[in-house]
Amino acid sequence: MSFLQKKRLEGGTEKETGFPVVPLLLALFFLALDQISKAAVVKYIRFGERIPVIPDFFNLTYITNTGAAWGILAGHGWLLLLISCAVLIAVICFIRTLTDGWPERIYAIGLIVSGILGNSIDRIFRGEVVDFLQFLFGRYQYPSFNVADSCICVGVFLFILSTILRPEKKKTPSDSSYVQIQK
């Protein structure tokens, strides 16, 4: 399956209707990278410590977040975990509708799911999410984040870009979402 191809996958051949192995492997790779990097940060960096990688631009640090992005819903980890579970169930139930046959949307959803799982694992086993990537832009310090957060952001960006650039599938009488008005 090519990442960007000109035709959507309409089904019919085994390659088109088979399990998306490459996006799944990519999602598992990023999930593993997220968990391994967080474990390394917890083991080798003291809490609150900043290690300059590129002075005045990029630091490795070790902080935690009990909320979502930018501390939204801080202290409500179980609510965030419940929302994550609902999103995962919705993605599984509506994967065909969400992707509309476009391969890049399968990759995008794989990245999003990988990120959701990575942060959910932290919430379940640590009670908070480990963040360690910190960027500085002059006096502005961008909120620290992790690999899972990056996967979610890149996945959402790719999905939105695909939705904007790709045409919507035309509905036919054989589609379950097609509604025909009788006169």
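The values are calculated or read from the model by the stated rules, or taken from the named source; none is laboratory data. What you are looking at is a predicted structure, and each value in this text was computed from that prediction instead of being measured. Neighbour counts are summed over all protein chains in view; Cβ atoms, including those assigned to glycine, are modelled from backbone coordinates with ideal geometry.
All but one of (1) modelled with pLDDT under 90; (2) under 20 Å from the mean Cα position of the chain (by Cα) hold for G75; state the number of the condition that does not hold.
Result: G75 fails condition (2) only.
G67 fails exactly one of the following numbered conditions: (1) part of a helix (DSSP H, G or I); (2) touching a helix residue (DSSP H, G or I) at 6+ places or on another chain (Cβ under 8 Å). What is the number of that condition?
(1)
Residue under question is G101, and the condition is that it be on the phi > 0 side of the Ramachandran plot and either surrounded by fewer than 15 Cβ atoms within 10 Å (Cβ to Cβ) or in contact (Cβ under 8 Å) with a residue 12 or more places away in the chain (or both); does it hold?
yes
Pull up the stretch 97-145, narrow it to residues that are more than 13 Å from A69 (Cα to Cα), assigned to a loop (DSSP other than H, G, I, E, B) and of a type outside the set (D, E, K, R), then point me to the one that is modelled with the lowest pLDDT.
If we take residues in the stretch 97-145 being more than 13 Å from A69 (Cα to Cα), assigned to a loop (DSSP other than H, G, I, E, B) and of a type outside the set (D, E, K, R), then G101 is modelled with the lowest pLDDT.
Looking at I160, is it exposed (fewer than 13 other Cβ atoms within 10 Å of the Cβ), modelled with pLDDT of 95 or more and either within 18 Å of the chain's Cα centre (by Cα) or under 23 Å from I36 (Cα atoms) (or both)?
yes
Determine, yes or no, whether A86 is within 28 Å of S162 (Cβ to Cβ), under 15 Å from the mean Cα position of the chain (by Cα) and loosely packed, with under 13 Cβ neighbours inside 10 Å.
The answer is yes for A86.
What about V91, is it surrounded by 15 or more Cβ atoms within 10 Å (Cβ to Cβ), at pLDDT 90 or above and closer than 23 Å to I160 by Cβ?
Yes: the conditions hold for V91.
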